[in-house]
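*Asks:* Got a structure here, written out as structure tokens. Questions coming.
The values are calculated or read from the model by the stated rules, or taken from the named source; none is laboratory data. Only a predicted model underlies this, so the values are computations on that prediction, with no experimental measurement involved. For accessibility, only protein heavy atoms count, side chains too; no ligands or nucleic acids. Shrake-Rupley method; radii C 1.70, N 1.55, O 1.52, S 1.80 Å.
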Amino acid sequence: STCNTAGMTYTKDIVSLVNSSCAGCHSGNSPSAGVALSTYAEVKDCVVNGKFIGSIKQDGTASAMPKNGKWSSCNVSKLEAWKAAGCPL
């Protein structure tokens, strides 16, 4: 199967990945580890600083996330493509 990473945007592609895997713990008034991932700006900041990608790649550079599994390589590639494109909304 192929993984299409062309034209990734936050609203079309990334928000659903974040909501399904991250928002349960990283939202609300006291997000886990103080890392909020509820808004575009919060997700973008975390992706741009490199911690988000390190976490989901589980490469040892940041706390491995999600705790209950691992993102598929396709979903990681989608996030990396979104970052490389400048994190379009």
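*Asks:* By accessible area of protein heavy atoms, probe 1.4 Å, what ranking do Trp82, Trp71 get, highest first? Present the calculation step by step, with values, prior to reporting the outcome.
*Replies:* Values: Trp82 0, Trp71 20 Å².
The residues order as Trp71, Trp82, largest area first.
*Asks:* I need the shape label for the range 1-40. Rule: rounded when a/c is under 1.5, else prolate if a/b > b/c, else oblate, with a, b, c from the alpha carbon gyration tensor.
*Replies:* Prolate is the answer for the range 1-40, as a/c is 1.5 or above and a/b outweighs b/c.
*Asks:* Please work out how much accessible surface Glu42 shows to a 1.4 Å probe, ignoring ligands, DNA and RNA, in Å² rounded to 10.
*Replies:* 60
*Asks:* Give me the 1.4 Å probe accessible area per residue for the range 3-89, excluding ligands and nucleic acids, in Å².
*Replies:* Numbers: 4760 Å² over 87 residues.
I get 55 Å² per residue for the range 3-89.
*Asks:* Further question: Quick one: angle between helix 73-84 and the longest Cα principal axis of the chain, in degrees between 0 and 90, rounded to 10, please.
*Replies:* That helix lies at roughly 90 degrees to the long axis.
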